[in-house]
Amino acid sequence: MKYMPSFKMRQPLLAAAMMLGVTAQSWAAPAAVSATPNSAAVASAPAATTAAPLVVRGLPDFADLVEQVAPMVVNIRTSARTDAAADDGPDQQMQDFFRHFFGMPMPNLPPQMPRPKRAQPPGPGPEVPKGVGSGFILTPDGYVMTNAHVIEGADEVTVTLADKREFKAKIIGADKRTDVAVVKIDANNLPAAHIGDVGKLRVGEWVMAIGSPFGLDNTVTAGIVSAKQRDTGDYLPFIQTDVAVNPGNSGGPLINMRGEVVGINSQIYSRSGGFMGISFAIPIDEAIRVSNQLRTNGHVTRGLIGVSIGQVSREVAQAIGLGKPKGALVRHVQADSPAAKAGVEPGDIITRFNGQAIDNATDLPRLVGDTKPGTRASVTIFRRGQTRDLTLTVAEMDGDQAVGGKPPANKASEAAPASSPAVRQLGLVVSDLSADQRRDLKVPHGVRIDQASGAAARAGLREGDVILSVGNTETNTAREFDAAVDKSLSSAAGKPVNMLIQRNDLVQFMLIWPKPKTP
């Protein structure tokens, strides 16, 4: 089970008082009789019509559902062949277990004295247990779906069915980005999963998980859907639940009350390594798309446009005239990429891709990734107060390709710094960029920050940053920067000055308040 120590969110607790067989009318309190002379008239008056409250009429019974779906859930054990010359010992294996499943070292383990290695025959060593997880039967002819991290690094995968039959499985493919993997066992007429519609899944709906937490086969836990489209910084929007999920549940199905698989249990949020009321499942529709490619090609092909992106905050959206926070801020454009050829620039905000709105920055990589390479796609950008439509041809992503590289070194500026009263009010000293500096920094324009103090330092600006624009106005020289700052301060009294800056090949918006912002 993936451990997520850095994902900060509140822990939802399931606390619901539910009555069996209680109707809305039974909740009505008896009418109070007034002590005034008109109490009889008041008592005889008809009661005001009110909407009947929604009442839970009973708790769900999972017994029949478990009998129906349990046969399609499998246990997965993996092993890896060790180096014959290595002698890790049981303590090292236990340490590896704790690091893999809990994300922390094994507690209270005394330090080990170095031991001389015993002579070993040449060649690979014995198979040793590596991990345990869960999965479910995808097709009657033996395709099984699980998590990529369950089988990662395994030399041998063993699948145990609910009827205790064991099979050696062949790894068909695994995709680390989505944490989806498919293995194949040599069997037929197997009880396969029924796939549900994630779009119809509702927050508050009952769901259950079946898996092998800590190696305990066929363990059933239940809860409700806590949230949908939960962004954890990964490639997929997760289903958040409060279903108890622990190490060993990874790869097992999340099942709705109709017996349909709606997700794959993949991650938990925990500060202790154990379940804390928050678990995450991969939406089954995304997982099926990945599994289809794995079964066909053995790998997943994704689209690429060649940009590095960031979120757009509410303050930045208001400052640059975008309105509400939406879209993906382009922080870097890869050279010779589809985005670069189409005219996308750092600082642009992509608000639509191929006709689909980008509400959050994380929407863009999902939409691009799902686009077939070679497809001509439209991109809508917001740049310096105006919206533009561009067209590009989606390229193919090469594995876990990342945008960016070693940041270029900033050379000392030779031009005289600007020092107008307006610029000094922000605490900035800037200078022109030479032609060589622009070439090295890969910027068409901008000024370099030689000194940042006061308001600029509070906003996070620092020496070496390159300011590309001020208040949606490009800056080519220190003199133009000075004029743009004067204009922004005079036309937007009491508001921050927005600047687009580049730092280490990435751009971002910075808001500078001339005076400290009051709470």
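The values are calculated or read from the model by the stated rules, or taken from the named source; none is laboratory data. Everything quoted here is computed from the prediction, not taken from an experiment. Every residue, glycine as well, gets a Cβ built from its backbone with ideal geometry; the counts of neighbours run over all protein chains shown. Calculation scope for accessible area: heavy atoms of the full protein, side chains included, ligands and nucleic acids excluded. Shrake-Rupley method; radii C 1.70, N 1.55, O 1.52, S 1.80 Å.
Using a 1.4 Å probe and counting only protein heavy atoms, arrange 269, 143 so the residue with the most accessible area comes first.
143, 269
Would you kindly find the accessible area of residue 491, with a 1.4 Å probe and non-protein molecules such as ligands, DNA and RNA excluded, rounding to the nearest 10 Å²?
For residue 491, the solvent-accessible surface is approximately 90 Å².
Please calculate how many Å² of accessible area region 156-261 carries per residue, with a 1.4 Å probe and no DNA, RNA or ligand atoms counted.
41
State whether region 182-282 is rounded, prolate or oblate according to the following rule on the C-alpha gyration tensor (a ≥ b ≥ c being the square roots of its eigenvalues): a/c under 1.5 gives rounded; otherwise a/b larger than b/c gives prolate, and the remaining case gives oblate.
Because a/c hits 1.5 or more and a/b fails to exceed b/c, region 182-282 counts as oblate.
Within the set 184/372; 341/442; 442/487; 228/324; 164/184, which residue pairs have Cα atoms separated by over 20 Å? Intermediate values should be presented prior to the final figure.
On the way: 184/372 26 Å; 341/442 15 Å; 442/487 27 Å; 228/324 22 Å; 164/184 17 Å.
From the list (184/372; 341/442; 442/487; 228/324; 164/184), the Cα-Cα distance tops 20 Å for 184/372; 442/487; 228/324.
What order do 155, 336 take when sorted by accessible area (1.4 Å probe), most exposed first?
Descending accessible area places them as 336, 155.
Pop out the carbon and sulfur fraction of the accessible area of region 273-352 as a percent, whole number, probe 1.4 Å.
45
Not counting ligands, DNA or RNA, and with a 1.4 Å probe, what is residue 171's accessible surface area in Å² rounded to the nearest 10?
70
In straight Cα distance, which aspartates and glutamates are under 12 Å from residue 168, not counting same-chain residues fewer than 8 positions off?
Answer for residue 168, where 12 Å is the Cα cut-off: 155, 156, 186, listed by chain and number.
Computed FRET efficiency, Cβ-Cβ of residue 435 and residue 359, R0 41 Å: what is it to the nearest 0.05?
About 0.50, to the nearest 0.05.
So what's the gap between the Cα centers of region 339-359 and region 156-182, to the nearest angstrom?
Distance between centres, Cα-based: 39 Å.
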